[in-house]
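Down below is the structure, laid out as structure tokens.
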Amino acid sequence: DGLVDKVKPKTKRAKRFLEKREPKLSENIKNAMLIKGGNANATVMQVLRDMYALKKPYGEFFSKKSDCSLFMFGSHNKKRPNNLVIGRMYDYHVLDMIELGIEKFVSLKDIKNSKCPEGTKPLLIFAGDDFDVTEDYRRLKNLLIDFFRGPTVPNVRLAGLEYVLHFTALNGKVYFRSYKLLLKKSGCRTPRIELEEMGPSLDLVLRRTHLASDDLYKLSMKMPKALKPKKKKNISQDTFGTTYGRIHMQKQDLSKLQTRKMKGLKKRPAEKTEDKETSKRIKKN
């Protein structure tokens with residue numbers, strides 16, 4: 001434990017290398033390590049190739065050497081055919097690991113459509129109550145977001161939305177689909193959107209899981225103090241990011257408040273005489 005922290009660099013190059021591995025306030029882009037088992041069959045190998053195509057240029061090999069915090073392992077045997085294991089690392093230890101079985105697969109090369117450029121950031125969509133209700137599926141959703149989200153960007157332009165990864169949880173299965181997003185003319189400023197399947201397409205079934213404890217999971221999600229937004233007095237935000245401000249004012253006499261004069265609100269002559277008579281009575285008393 002903590003082997004990397006104890007190593008003392010002997011050269012400037014080694015020092016720069018270790019400094020890159022040190023914890024950062026702003027997390028770097030997570031690279032994925034794709035591994036094939038010794039008995040992986042052609043289907044599993046093609047799935048790994050397609051996932052690598054989706055992850056480019058953030059797919060590498062060997063976690064310690066290449067600083068990969070995500071991994072995908074493909075294998076095939078009689079007990080668990082067409083097997084995929086997706087996981088992630090925290091502090092060079094396995095945090096989460098989820099095993100999925102491939103029941104149906106259509107490759108990128110089998111769908112003869114145009115593909116998106118390398119490094120394109122996808123739009124992720126999750127459908128199905130299981131992703132919000134069941135703990136295993138909730139963690140799987142979080143893991144898939146971590147795996148496919150790509151670089152963090154402050155803004156996204158409309159033309160930059162080029163492809164969609166759609167995950168549906170239904171009847172104990174996860175349906176993974178990939179679509180190219182086409183912007184068509186609509187006769188107004190907002191374009192009409194069409195989806196064209198580009199692959200890969202997988203029907204997956206959830207098998208075994210190895211999930212981090214709640215304490216370890218919270219520790220891995222902990223935000224550094226330097227990145228936490230400072231609380232501003234009388235300013236709050238809702239879940240949608242809308243900012244609200246509270247203004248403190250002295251007590252006002254609303255009877256003297258100047259409002260817009262409307263004919264409909266003017267008093268009639270009879271009402272004015274009644275008010276005058278009432279005020280005279282009050283003075284006499």
What pairs come up if the first residue lies in the range 141-162 and is over 19 Å from D130 (Cβ atoms), the second is part of a helix (DSSP H, G or I) and open to solvent by less than 60 Å² (accessible area, probe 1.4 Å), and their beta carbons are under 9 Å apart, counting only those six or more places apart or on different chains? G150/K55; V153/G160
Long-range neighbours under 6 Å by Cβ, at least six apart or interchain, first residue within 25 Å of R207 (Cα to Cα) within the range 100-113, second among the hydroxyl-bearing types (S, T, Y): F105/T43; V106/S201
Do you know which of the residues in the range 121-149 that are of a type in the set (A, V, I, L, M), over 18 Å from I98 (Cα atoms) and within 13 Å of the chain's Cα centre (by Cα) is modelled with the lowest pLDDT? L123
Expected output for the range 173-200 (first residue hydroxyl-bearing (S, T, Y), partner open to solvent by 90 Å² or more (accessible area, probe 1.4 Å), Cβ below 8 Å, 6+ apart or cross-chain) is Y179/L195; S186/R192
Filter the range 67-112 for residues that are hydroxyl-bearing (S, T, Y) and under 24 Å from the mean Cα position of the chain (by Cα); the one that is modelled with the lowest pLDDT is Y92
Which of the strands (runs of 3 or more DSSP E) found entirely inside the range 182-242 contain at least 3 residues meeting this: under 19 Å from R88 (Cα atoms)? 201-210
Criterion (modelled with pLDDT under 85 and farther than 16 Å from S107 by Cα) met by exactly one of T152, T168: T152
Yes/no for R208 being open to solvent by 70 Å² or more (accessible area, probe 1.4 Å), within 30 Å of V44 (Cβ to Cβ) and not aromatic (F, W, Y): yes
Taking the conditions exactly as written (open to solvent by 100 Å² or more (accessible area, probe 1.4 Å), modelled with pLDDT of 70 or more, within 30 Å of H166 (Cβ to Cβ) and of a type in the set (S, T, N, Q)), does Q237 satisfy them or not? yes
What residue, among those in the range 9-28 that are of a type outside the set (K, R) and modelled with pLDDT of 75 or more, is farthest from K225 (Cα to Cα)? T11
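The values are calculated or read from the model by the stated rules, or taken from the named source; none is laboratory data. As the structure is a computational prediction, the values presented were derived from the model and not from experiment. Note that each Cβ is placed from the backbone with ideal geometry, even for glycine, and that neighbours are counted across all protein chains shown. The accessibility values were calculated without ligands, DNA or RNA, using every heavy atom of the protein model including side chains. Shrake-Rupley method; radii C 1.70, N 1.55, O 1.52, S 1.80 Å.
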